[in-house]
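This report concerns only the one structure given below.
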Amino acid sequence: MKLKKIRISSFRNIDEAELSPGDRFNIIVGKNAQGKTNILESIYLLGTMKSFRMARNTDLIKTGSPCSHLKGWVDRDGITREVFLSIEQTGKKARVDNKSVSKPSDFFGCINMVVFSPEDIAMVRGLPELRRRYLDRAVFGGDIRYLAIHQEFYKVLKNRNSLLKNGITAGLDVWTEKLAEVGSRMIFVRSSYVREISQLLTEFYATIAGSCEQAAICYRSGAGGKKGSCCTIDEARAGLLETYDENLQEELRRGTTLTGPHRDDIELSLDGKVLKIHGSQGEQRSFVLALKMAEIEYIKKRYGSPPVLLLDDMTSELDGDRNRNFMEFLIRQDMQVFITTTSMENLGLTGKNNYTVYAVHGGKIV
């Protein structure tokens, strides 16, 4: 899977730009606040219709313009597809091969991608909400069916919370049953993904860090009881129903649902120690990079080809050895990579490597 061309119009600080990326490394060089990350963001939007920076539609449109347009040409298994996205203040409209998209499955999967950005580092040190958001994005990247489960859960959760907020118990048991049913499926898909990438994470962290430290990830669910995790949908459903029954009076008092996928977390650790407490900035960054490599392998297995990799400011806070180990790993992979950096010297690429360089200044790309 390769992005062959992208056309950007009225997007953030970019007026008009067109890139024809190379098949391997595409290096986007420039000082800070010039628009490097905006290019990666536009590519990510073409694959997911979402920004990895938690931006509103109005943030994505160049000041003074009514809307922003993104168009990309993607080669997958020798077939080229045209993907178009119009961003307006009121929403987004997508087309694939000049046909309007009526359902998500018509759009998602045209171009699979994995992104690494400073926001991903924040999820290690931040609140569980950030880690849930990372996990949902990773799971969805490998299985577009997860989107429907995710949307259904939050729809049911909203209805149940409405009853709790107003102290209404009539009909609450119906919504509780529905929430446990769809919530258990959501927990099962999430925890299955975590188990599948667990060994890959351990191996990739050792490759990047050049150490024997044991990197680990575990899904922690309030429906899992003392174990903190569930192995089957039935176990998760039973656990949710049990906790909803136990917490009913407290939920009525607070007016909200206290247990479920919306409150779950993932535990990240090195040698059994919690990463956000005991890990250095370099270790945390290496850990997230290893997570991204595991995500790439997961997508390769699902779709038979690697995704496009977007790396935003990846070299900061990595020492020389870790940076070199990571770049050597990327060089061995057969995938298209986009990297933003302030200096080519940070990357260690040589003339033997297939790379293209773009200079960015004030939203202009050369």
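Within region 332-365, being under 25 Å from residue 62 (Cα atoms) and not in a strand (DSSP E or B) holds for 342, 362, 363.
Taking the listed residues 125, 160, 195, 133, the one that is at pLDDT 90 or above and crowded, with 20+ Cβ neighbours inside 10 Å is 160, with no other qualifying. Taking the numbered list (1) over 30 Å from residue 160 (Cβ atoms); (2) assigned by TED's automatic domain parsing to the domain that holds residue 183; (3) free of Cβ contacts under 8 Å to residues at least 24 places away in the same chain; (4) not small (Gly, Ala, Ser) in turn, residue 271 passes all entries but (3). Among the helices (runs of 4 or more DSSP H) confined to region 197-308, the ones with at least 3 residues that are touching a Gly at 6+ places or on another chain (Cβ under 9 Å) and farther than 19 Å from residue 157 by Cβ are located at 281-303.
Residues in region 72-92 that are farther than 16 Å from residue 7 by Cα and not hydroxyl-bearing (Ser, Thr, Tyr) were compared, and the one that is modelled with the highest pLDDT is 88.
With respect to residue 8, determine if the residue is modelled with pLDDT of 95 or more, crowded, with 19+ Cβ neighbours inside 10 Å, under 28 Å from residue 66 (Cβ atoms) and within 21 Å of the chain's Cα centre (by Cα).
Values: modelled with pLDDT of 95 or more: yes; crowded, with 19+ Cβ neighbours inside 10 Å: yes; under 28 Å from residue 66 (Cβ atoms): yes; within 21 Å of the chain's Cα centre (by Cα): no.
For residue 8, the condition - modelled with pLDDT of 95 or more, crowded, with 19+ Cβ neighbours inside 10 Å, under 28 Å from residue 66 (Cβ atoms) and within 21 Å of the chain's Cα centre (by Cα) - is not met.
Kindly establish whether residue 259 is β-branched (Val, Ile, Thr), in contact with a Leu (Cβ under 7 Å, 6 or more places away or on another chain) and either without any contact (Cβ under 8 Å) to a residue 12 or more places away in the chain or under 25 Å from residue 124 (Cβ atoms) (or both).
yes
Determine whether region 220-233 contains at least one residue that is modelled with pLDDT under 90, buried (at least 17 other Cβ atoms within 10 Å of the Cβ) and in contact with a strand residue (DSSP E or B) (Cβ under 8 Å, 6 or more places away or on another chain). Looking through region 220-233, at least one residue is modelled with pLDDT under 90, buried (at least 17 other Cβ atoms within 10 Å of the Cβ) and in contact with a strand residue (DSSP E or B) (Cβ under 8 Å, 6 or more places away or on another chain).
The values are calculated or read from the model by the stated rules, or taken from the named source; none is laboratory data. For clarity, every value in this text was computed on a predicted model and none was experimentally measured. So basically every Cβ, Gly included, is an ideal-geometry build from the backbone, and we count neighbours across all protein chains shown.
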